[in-house]
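The values are calculated or read from the model by the stated rules, or taken from the named source; none is laboratory data. The shown structure was predicted, so the numbers you read here are calculated from the model rather than taken from an experiment. Counting neighbours? That spans all protein chains shown, and the Cβs are built from the backbone with ideal geometry, glycine included.
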Amino acid sequence: MNGAESSACPGPTGRYVAGLCAAGLGLCAAGWLVLTPFAFGYQGRGWHAATLTDLATGGGLAVICVTTLIAWTLAWRRVLRADGVLTRAERGPARARRRRGRAEEEQGGGQADPEQVLTALRALLAPVLDAPAEHAPAVAAVIPGPRSAPEEAAQVPRVMPADPARPPVMPAGPQVMPAGPEGIAVIESMLAGAELLMTGCDEEEAW
Amino acid sequence: MVNKIALGGLLAMLPAGAWLIAAPFVVRYQPAGAPWTGPARLDVAVGAIVATAGFAGFFAALAGRVRELYAGRPQPGPELPSGIES
C-alpha cells in the first residue's frame, strides 16, 4: 500500500476518531434541532407542526448519537487496553482494594518477591560479611558451573576445610567458592549482580 | 457487540437525516410550490448535514475495519503458488 492509499484509508485510530466525530456532529445537530423552534421564534402560541417534528427528531437523534458515542468510546478503550496503552486504574473503596490485593497475593503466593529474597539473603549472610577474615566460617558454598552435570556437582565435596596454611584446591568442573575474604567478595558481587538483574527486569516490565 | 452498536448508530443517522429532509413535505408545513419557509429550510439543511455525517462516518469506520481485517490476515509465503501464470 503506497502513501496516497494509506492517507485515504483511515487507520485503526482514524476509524474510532471518524466514528466519534460523526456521532458528535449528530449530537450537535440534535441539540440545534431542539433549540431552534424557540431560538428562531417560529413556535407561536400553539404547537407548530415544525416544532413537534424538530423536537421529536432532535430527541431521537440525541439518543442515537449518545449511544453511538458511548459505543465508540468503549470500543476504542478496549482496543487501547488490548494494546497496552491504557492500564486499568485502581478504583473503589480502600477496603475493596485491600481485599483485591490480598486475593492477588494469595493467587501469586508461590512466586517469591525477588526484593524479599535479596533482603533475606542479606540477613543470612550478614554474619559472614561482617566477620573478619580469620574468623570466617569453615564452610564455603559450592557454585555449580553453568554447564556442569548434576552428577558432577554431586561429586564435588560440599564442605571444605578452611585451612589458612594450605591454599584451597580448586577441583576441575564446578566452581567452588573460596572461603575467607575472597568468598565474601564473591558473595558481594553476586548480590550486586542480583540487584542489577532486578533493576533490569523492572525496567523491562515498565516498557 | 459494541462495534456493531457503534456502526449501527452511525448508520441510523442516515435515515434520521433523510427524514429531516423529507419532513417539511411529509408533515406539510412546507406547501408544494410555495416559497420556502424558515423551518423547512432549516430542517432540510440540518438533515443534509446529519445524513452526510452519518454516511461518511459509517463508511470511514467500515473502511478502517476492513483495513484491520486485511492487516490481520496471514501473508502468503513465497513458496505458495499465487495462481497467476506469468
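Miscellaneous remarks
- Only one of the numbered conditions (1) within 14 Å of chain B (Cβ to nearest Cβ); (2) modelled with pLDDT under 85; (3) part of a helix (DSSP H, G or I) is not met by A:Arg99, and that is (1).
- Search result, residues across region B:39-53 that are within 17 Å of the chain's Cα centre (by Cα) and buried (at least 19 other Cβ atoms within 10 Å of the Cβ): B:Val46, B:Gly47, B:Val50, B:Ala51, B:Ala53
- Members of region B:16-60 that are at the interface with another protein chain (Cβ under 7 Å from one of its Cβ atoms) and among the β-branched types (Val, Ile, Thr): B:Val27, B:Val46, B:Ile49, B:Val50
- A:Leu55 meets the conditions (1) at the interface with another protein chain (Cβ under 8 Å from one of its Cβ atoms); (2) in contact with a Leu (Cβ under 8 Å, 6 or more places away or on another chain); (3) under 23 Å from B:Pro31 (Cβ atoms); (4) not polar (S, T, N, Q) in every case but one. The failed one is (1).
- Residue check for A:Thr87: within 14 Å of chain B (Cβ to nearest Cβ) and either touching a helix residue (DSSP H, G or I) at 6+ places or on another chain (Cβ under 9 Å) or at pLDDT below 80 (or both): no
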